[in-house]
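Throughout, read-outs are computed from the coordinates displayed, never taken from laboratory work. Just so it is clear, the structure is predicted and the values come from calculations on it, not from any experiment. Cβ: placed from backbone, ideal geometry, glycine included. Neighbour counts: every protein chain shown.
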Amino acid sequence: MHHNIIVREVANLFFPIIILFGLYVQFHGDFGPGGGFQAGVIIAVGIILYALVHGLDKTRRLIPEKAVRIGMSLGVLLYAGVGVVTLLLGAEFLNYNVLVANPLTGQHLGIFLIELGVGITVATVMVMIFYAFAGRGQE
């Protein structure tokens with residue numbers, strides 16, 4: 001792919017647009033279609049496109065496996081952490097009403113944090129799966 005300038009430049013043009021659209025889907029998921037899973041897939045696809053065009057080694061330098069592992073853990077911890085906080089505040093697991101004084105605001109905040117955790121987890125797990133399959137036999 002390094003010799004095909006058209007594919008490389010088009011991918012360079014689309015990469016930030018794909019990431020931006022993924023972030024839009026992530027943060028607009030409370031108000032319309034979308035959310036964490038869809039956003040995570042879109043962001044991972046942008047990173048995988050970058051890897052397919054620029055090579056796995058360059059992508060691993062840009063986003064090291066250690067950062068991907070931290071992202072996977074952070075996403076799951078954010079999801080579970082919201083549930084633990086609701087338990088500590090005296091409600092059921094993931095009962096967002098107790099997160100703040102106003103139950104409606106608590107619902108909004110809880111869903112936002114849960115979807116963010118899902119988005120981070122899905123994106124990083126997909127990238128790690130790609131790293132594992134694309135890097136097979138390179139060691």
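Values for this structure:
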{"quantity": "In sequence order, calculated HN-Hα J values of region 123-137 (Karplus, 6.51, -1.76, 1.60; Hz; x Gly/Pro)", "calculated": "4, 6, 5, 5, 5, 5, 5, 4, 4, 5, 6, 6, x, 4, x"}
{"quantity": "Burial ranking of peptide ranges 45-53, 100-108 (average Cβ count within 10 Å, highest at the top)", "calculated": "45-53, 100-108"}
{"quantity": "Paramagnetic reach from residue 4 in region 54-68 [backbone N under 16 Å; point 7 Å along Cα→Cβ]", "calculated": "54-56"}
{"quantity": "Dipole magnitude of the chain, debye to nearest 20 (Cβ charges: Lys/Arg +1, Asp/Glu -1, about Cα centre)", "calculated": "420 debye"}
{"quantity": "Relative contact order computed over the chain (Cα-Cα under 8 Å; 6+ residues apart), in percent", "calculated": "29 percent"}
{"quantity": "Full-extension gain in nm, residue 101 to residue 20, via 0.36 nm per residue minus C-alpha separation", "calculated": "25.9 nm"}
{"quantity": "√(5λ) per eigenvalue of the Cα gyration tensor, the chain, largest first, Å", "calculated": "35, 17, 8"}
{"quantity": "Taking 28, 54 and counting other C-beta atoms within 10 Å, the order from fewest to most", "calculated": "28, 54"}
{"quantity": "Estimated 222 nm signal from helices in the chain, with DSSP H stretches of n ≥ 4 weighted -39500 (n - 2.57), rounded to 500", "calculated": "-26500 deg cm²/dmol"}
{"quantity": "Difference of contour (0.36 nm per residue) and Cα-Cα distance, residue 27 to residue 128", "calculated": "34.0 nm"}
{"quantity": "Loop GluC sites (Glu not before Pro), region 11-117, which have at most 11 other Cβ atoms in a 10 Å radius of their Cβ (DSSP)", "calculated": "92"}
